[in-house]
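The values are calculated or read from the model by the stated rules, or taken from the named source; none is laboratory data. Everything numeric in this text was worked out from a predicted model, so none of it was measured. Cβ coordinates were reconstructed from backbone atoms using ideal geometry, including for glycine residues, and neighbour counts include every protein chain displayed. The area values use the complete protein model at the heavy-atom level, side chains included, leaving out ligands, DNA and RNA. Shrake-Rupley method; radii C 1.70, N 1.55, O 1.52, S 1.80 Å.
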Amino acid sequence: MAQPTRLLFVCLGNICRSPSGENVMRHLIEEESLTDAFELDSAGTAGWHIGKSPDSRMTAAALGRGIEMKGRARQVKATDFATFDYIFAMDRSNYEDLIEVKSQCETPSAKLQLFCELCEEHEEKEVPDPYYGGPEGFEKVLDLLEDGCASFLRDWRKENER
Ligand code: 4NP
């Protein structure tokens, strides 16, 4: 069997946006019976919330769409650039921080990309940080993630003929 495609979603704290990216994608690949074809994870550029579960507001919003939130926060590390095929940054600040992390990896092979480049139905360039805002921010995060993840999967299917 072909090697799994390895995707890492990265935001600042790894308790709102990136665990949602990971779990939205997991939900989609489970629906499409593609779980063996992928390895998914998420991480934060900051280490503030290491070991914590996803934010309860984010978890509730995801559950409202039938998406279960799993995982514990961790900080991104240089070797992630050698382990993953794609690393998706939620915003430009994450992207800039990831370029610095990548520079510490001896054999970086991951493709680093702003997540919103995947989106087909949204014009936004970044997934906005919902942490200090109201409930609509968490819904916006999910709108963008569902769009980008579905679009990635469509393209992946074309390339992998499944
Ligand atoms: P995330 O959201 O980067 O999407 O996980 C945040 C979580 C926590 C904080 C900021 C953003 N914080 O300041 O603790």
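Scan the range 44-65 for residues that are in contact with a Cys (Cβ under 8 Å, 6 or more places away or on another chain) and assigned to a loop (DSSP other than H, G, I, E, B) and the total you get is 3. Selection of the range 11-40 for residues being near the ligand (Cβ under 9 Å from one of its atoms) and either part of a helix (DSSP H, G or I) or among the aliphatic types (A, V, I, L, M) (or both) yields LEU12, ILE15, ARG17, SER18, PRO19, SER20. Taking the range 78-162 and the helices (runs of 4 or more DSSP H) fully enclosed by it, the elements with 3 or more residues that are touching a residue at least 60 places away in the same chain (Cβ under 8 Å) and not acidic (Asp, Glu) are at 92-102, 135-160.
Among the residues of the range 43-58, those identified as open to solvent by 40 Å² or more (accessible area, probe 1.4 Å) and not small (Gly, Ala, Ser) are TRP48, ILE50, LYS52, ARG57. When ARG65, ARG74, ARG6, ARG26 are screened for being charged (D, E, K, R), touching a Phe, Trp or Tyr at 6+ places or on another chain (Cβ under 7 Å) and open to solvent by 20 Å² or more (accessible area, probe 1.4 Å), only ARG6 passes. Among the residues of the range 66-77, those that are within 16 Å of the ligand (Cβ to nearest atom), part of a loop (DSSP other than H, G, I, E, B) and within 18 Å of LEU12 (Cβ to Cβ) comprise MET69, GLY71, ARG72, ALA73, ARG74, VAL76.
Tally up the residues in the range 43-59 that are free of Cβ contacts under 8 Å to residues at least 12 places away in the same chain and not β-branched (Val, Ile, Thr), please.
Residues that pass the stated criteria total 1.
One residue is enough: does the range 141-161 have a residue meeting the conditions on the phi < 0 side of the Ramachandran plot, of a type in the set (A, V, I, L, M) and touching a strand residue (DSSP E or B) at 6+ places or on another chain (Cβ under 8 Å)? No, because not a single residue in the range 141-161 is on the phi < 0 side of the Ramachandran plot, of a type in the set (A, V, I, L, M) and touching a strand residue (DSSP E or B) at 6+ places or on another chain (Cβ under 8 Å). Here ALA110 qualifies as modelled with pLDDT of 95 or more, of a type in the set (Gly, Ala, Ser) and touching a strand residue (DSSP E or B) at 6+ places or on another chain (Cβ under 6 Å). Looking only at residues of the range 78-102 that are open to solvent by less than 30 Å² (accessible area, probe 1.4 Å) and out of contact with any strand residue (DSSP E or B) (no Cβ under 8 Å at 6 or more places or on another chain), we find that the one that is farthest from the ligand (Cβ to nearest atom) is ALA78.
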